[in-house]
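Everything below concerns the one structure shown next.
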Amino acid sequence: MKIGIIGSGNIGGNLGKHWAKAGHEVLFSSRHPENLKPLVNETKGHAKAVSIEDAFESKADVYVLATPFKAIDRLSELYAGEYGNTTIIDATNPYPERDGEMAQDVRDSNSNASEYTAMKFNTAKTAKAFNTIKAEHLRDRAWRNSDKLAIPFAAQDEDSKQKTQQLIEDIGFDAVYIGDLTKTNIMDPDQKLYGKSMSRNDLESLLS
């Protein structure tokens with residue numbers, strides 16, 4: 001798959017490196033792609049650094065949102081013509097202390113953060129994953145054949161579910177589907193699954 005990483009920090013950067021190693025084509029992006037050259041040089045596989053605009057114009061199969069939550073409004077508006085019919089994997093979290101009033105409004109609303117992202121990127125299909133794992137565990141505990149960590153995920157439709165599950169499993173984690181986007185409250189900050197690193201059995205026990 002061609003994967004556009006929107007926001008190439010600790011989460012996006014580590015995911016991109018893993019997926020390139022797994023054989024996917026990775027586009028790391030930021031507002032200053034020249035600053036991503038060290039990341040590309042560390043990456044084993046097919047990867048390059050591009051602007052956010054170029055990433056969206058590349059018509060990737062999957063885009064991963066690994067930006068601050070407050071960027072969602074502007075990204076979804078600026079590139080509305082570019083991400084239709086693709087899969088958006090939302091790895092963001094709403095932190096009011098960082099993201100301001102809009103994040104607090106989402107946390108106080110009747111919907112959850114992933115539903116907000118899906119509403120904004122409404123011509124794509126949204127999945128939620130990689131927002132609960134600690135960055136150092138994402139970096140250091142991939143590629144295991146045993147004692148795997150589980151990644152909970154949710155998805156809007158069957159296609160986004162299959163793609164997200166494959167991308168989780170391609171890099172040595174266990175994928176645990178929790179349901180559609182309405183079920184992702186438990187993945188949000190301060191909720192049951194947030195910040196947890198555990199096996200599939202332990203995660204499924206927690207969910208039950």
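Observations, loosely collected:
- Some residue of the range 156-163 being farther than 23 Å from TYR116 by Cβ, under 16 Å from the mean Cα position of the chain (by Cα) and open to solvent by 10 Å² or more (accessible area, probe 1.4 Å): yes
- Within the range 137-171, the residues that satisfy the criterion of being acidic (Asp, Glu) and free of Cβ contacts under 8 Å to residues at least 24 places away in the same chain are ASP140, GLU158, GLU169.
- Count of residues meeting criterion [on the phi < 0 side of the Ramachandran plot and in a loop (DSSP other than H, G, I, E, B)] in the range 81-108: 10
- Of all the residues in the range 173-208, those that are out of contact with any helix residue (DSSP H, G or I) (no Cβ under 6 Å at 6 or more places or on another chain) and either assigned to a helix (DSSP H, G or I) or touching a residue at least 60 places away in the same chain (Cβ under 8 Å) (or both) number 17.
- Meets criteria (at pLDDT 95 or above, out of contact with any Asp or Glu (no Cβ under 9 Å at 6 or more places or on another chain), within 27 Å of THR182 (Cβ to Cβ) and surrounded by 13 or more Cβ atoms within 10 Å (Cβ to Cβ)) for ALA124: yes
- The requirement of being part of a helix (DSSP H, G or I), in contact (Cβ under 8 Å) with a residue 60 or more places away in the chain and open to solvent by 20 Å² or more (accessible area, probe 1.4 Å) is fulfilled somewhere in the range 62-80, by at least one residue.
- Some residue of the range 48-67 being hydrophobic (A, V, I, L, M, F, W, C), more than 27 Å from PRO189 (Cβ to Cβ) and touching a helix residue (DSSP H, G or I) at 6+ places or on another chain (Cβ under 7 Å): yes
- Total residues in the range 150-208, condition hydroxyl-bearing (Ser, Thr, Tyr) and more than 29 Å from ASN85 (Cβ to Cβ): 5
- The one condition in (1) crowded, with 18+ Cβ neighbours inside 10 Å; (2) closer than 23 Å to LEU75 by Cα that MET1 fails to fulfil: (1)
The values are calculated or read from the model by the stated rules, or taken from the named source; none is laboratory data. From a predicted model like this one, the values you see are computed outputs, not experimental measurements. Methodologically, a virtual Cβ is constructed for each residue, glycine included, from the backbone with ideal geometry; neighbour enumeration extends over all protein chains shown. Protein only, heavy atoms only, side chains kept; ligands, DNA and RNA dropped before computing areas. Shrake-Rupley method; radii C 1.70, N 1.55, O 1.52, S 1.80 Å.
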